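Input: a single structure, listed below in structure tokens.
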Amino acid sequence: MAGAGSGARSHTEFCENGAKAVAEEATLRRVTPEFFAAHPISELAERSDHWLGQQGRLTTPMVRRPGSDHYEPIYWDEAFALTAAHLREAEPDEAVFYTSGRTSNEAAFLYQLLARVHGTNNMPDCSNMCHESSGVALSGTIGIGKGSVTLGDIHRAELLVVVGQNPGTNHPRMLSALEEAKRRGAKILAVNPMPEAGLINFRNPQKPRGIVGKGTPLADQFLQIKVGGDQALFRAIGALLVEWAAVDQSFVDRYTTGFESYTAVLGTLDWADVAAATGLSREEIVAAARMFASSDATIVCWAMGLTQQRESVATIRELVNVQLLRGMLGKPGAGLCPVRGHSNVQGDRTMGIWHEPPPWLAAAGDLLGVPMPTRLGYDTVEALRAMRDGRVRVFMALGGNFAAATPDTAVSEAALRSCALTVHVSTKLNRSHVVPGATSLILPCLGRTERDRQESGEQFVTVEDSMSSVHASRGRLAPASPTCSPRSRSSAAWPARSCRSRRCRGPRTRPTTAPSAR
């Protein structure tokens, strides 16, 4: 995570999950056609997710044909033609195009274009299951489903509120910024059902003083809230700010609507209900509200501890209300910061990976001369229901592990098995590969840590962070296999050739390029 005005980023700043992903891409273990010959799908389905992921990098396009219990190698052009044949046979809305947050901006843009040229907005993505509530709440309150701050703003904040988030494990770039802000005199309020060591007593392992010195107590106040109590907490804080007349009235009058209705609701606040919902004393909440009232530059940061509650949208709206009361938008060191953990969740949505038609879709259609679909597509839950009910024939995933990531594992696995074709663009084996459709393809790809060398030279892709800053991502490692990209010209690669499948009735030309899921 880096942002405008944030200064140079240390090469040692990475999150635990990011380190795991890089290590898995760099492994020397390989999943070859011989592996699939030795392990039937029924056996692989009994293995743990950890075991599947530890077998190594996928090297070769593989197909599971109807009735078979094994994946077998397939040539790239046959795999493409097989996919195209199934898509031609399916109605536009009988296809679902899933996306992982590890997909680069460039691949995401081309992928959503493929789905929309096919005629559908059925594009569930991993954001549906983590920060969708943030997007909905922010779009309905401030008009855009993104945060409003840069990492540089964190350095300038007087108060940083960290809710339902563990920067120590998942967002170390932000943790360094919190440490710097603290050294400059900022106050930190942490809200979480569990004490997080990284906030209570931070020891930065990337600096000598963090190893040999004492830890830094980052949080000035820690509220150990009951799970699901955040909405009541922020409503109570709002009520206290109004009671104390600690409201930026000129900002409220000029930039907001509904203030009278909001204060009317606050007037019905029952402190006994607040205590029951939050598990906090009134004194603790008053102390937290005082921190808001005394700060002229406040940033509220949150992650999935807030977004995955039953009332998450309403909770985030209450959080936004408190910031609006204090006029904490559009000024340095203040704002709203949904912290997205996956490497390019933000960028994928910017590129159009969305089950709703983005506002620029019609213009893109005019530019390309292709009509674009205007119907609302399937999000993750609706995609599962449609697959379960037999309304989806083709499921395609650009990265990710749909079966493991989606709710209700049994339903998710049955939904995948019900499809006529499942296609997974992946770097390593996962649960989704072992619950295949009648026909299933596993297509290996380059990881973002790997070199992508083309005739024009070495390529790079871009990603967008939680602060809406776009960065280049260039791989340094050798590709796991010469066959993991259809663009390979290596003599060791599986040669592309004419399609042998009886289902393939389209042109049998060799593809010259294809986006790699990075």
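The values are calculated or read from the model by the stated rules, or taken from the named source; none is laboratory data. Bear in mind the structure is a predicted one, so any value in this text is a computation, not a measurement. Note that we place each Cβ from the backbone using ideal geometry, even for glycine, and neighbour counts take in every protein chain shown. Surface accessibility is based on the protein's heavy atoms, side chains included, excluding ligands, DNA and RNA. Shrake-Rupley method; radii C 1.70, N 1.55, O 1.52, S 1.80 Å.
Here are the numbers:
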item	result
The range 366-383 residues that are touching a residue at least 12 places away in the same chain (Cβ under 8 Å), paired with ones that are of a type in the set (K, R) (beta carbon under 7 Å, 6 or more apart)	M372/R116; P373/R116
Looking only at the range 290-304, and only at residues there that are crowded, with 21+ Cβ neighbours inside 10 Å and assigned to a helix (DSSP H, G or I), the one that is modelled with the lowest pLDDT	M304
Any pair with Cβ under 9 angstrom, 6 or more apart, that starts in the range 386-414 at a residue that is closer than 16 Å to N122 by Cβ and ends at one that is part of a strand (DSSP E or B) and open to solvent by 40 Å² or more (accessible area, probe 1.4 Å)	none
From the options E72, E78, E94, residue that is over 28 Å from S473 (Cα atoms) and surrounded by fewer than 18 Cβ atoms within 10 Å (Cβ to Cβ)	E72
Top-ranked residue of the range 264-289 - restricted to ones that are open to solvent by 40 Å² or more (accessible area, probe 1.4 Å) and of a type in the set (S, T, Y), ranked as farthest from E158 (Cα to Cα)	T268
Test for L113: is it assigned to a helix (DSSP H, G or I), closer than 30 Å to S469 by Cα and touching a residue at least 40 places away in the same chain (Cβ under 8 Å)	yes
The range 455-472 - residue that is modelled with pLDDT under 85 and polar (S, T, N, Q) and, of those, farthest from V339 (Cα to Cα)	S469
Test for A438: is it farther than 22 Å from V136 by Cβ and at pLDDT below 95	no
Count of the range 313-330 residues which are small (G, A, S) and either at pLDDT 95 or above or part of a helix (DSSP H, G or I) (or both)	2
Subset of the range 395-425 [open to solvent by 10 Å² or more (accessible area, probe 1.4 Å), of a type in the set (S, T, N, Q) and at pLDDT 95 or above]	S418
Residue list for the range 126-145, restricted to those being open to solvent by 40 Å² or more (accessible area, probe 1.4 Å), in contact (Cβ under 8 Å) with a residue 40 or more places away in the chain and assigned to a loop (DSSP other than H, G, I, E, B)	I142
Any pair with Cβ under 9 angstrom, 6 or more apart, that starts in the range 281-294 at a residue that is more than 12 Å from V191 (Cβ to Cβ) and ends at one that is open to solvent by 40 Å² or more (accessible area, probe 1.4 Å) and in a helix (DSSP H, G or I)	S281/A275; R282/W271; R282/A275
Inter-residue pairs, beta-carbon under 9 Å, first open to solvent by 60 Å² or more (accessible area, probe 1.4 Å) and in a helix (DSSP H, G or I) and in the range 44-56, second of a type in the set (G, A, S) and at pLDDT below 95, 6+ apart	D49/A404
Matching residues in the range 420-472 - criterion: being more than 18 Å from the chain's Cα centre (by Cα), farther than 20 Å from Y98 by Cα and hydroxyl-bearing (S, T, Y)	T449, S456
Checklist (1) at pLDDT below 95; (2) open to solvent by 30 Å² or more (accessible area, probe 1.4 Å); (3) part of a loop (DSSP other than H, G, I, E, B); (4) more than 25 Å from E132 (Cα to Cα) applied to R310, failing item	(4)
Total residues in the range 448-466, condition part of a loop (DSSP other than H, G, I, E, B) and under 12 Å from L477 (Cβ atoms)	4
Sole exception among (1) within 30 Å of D366 (Cβ to Cβ); (2) surrounded by 22 or more Cβ atoms within 10 Å (Cβ to Cβ) for E106, by number	(2)
Filter result (open to solvent by 30 Å² or more (accessible area, probe 1.4 Å), touching a residue at least 60 places away in the same chain (Cβ under 8 Å) and not polar (S, T, N, Q)) within the range 228-246	G228, R235, V242
Within the range 175-195, tally of residues that are surrounded by 15 or more Cβ atoms within 10 Å (Cβ to Cβ) and basic (K, R)	2
Candidates G152, G168 - the one that is of a type outside the set (V, I, T), surrounded by fewer than 24 Cβ atoms within 10 Å (Cβ to Cβ) and modelled with pLDDT under 80	G168
The listed residue being at pLDDT 95 or above and either more than 19 Å from S440 (Cα to Cα) or not β-branched (V, I, T) (or both), out of R64, R9	R64
Any hit, the range 237-253, residues being within 33 Å of the chain's Cα centre (by Cα) and among the hydroxyl-bearing types (S, T, Y)	no
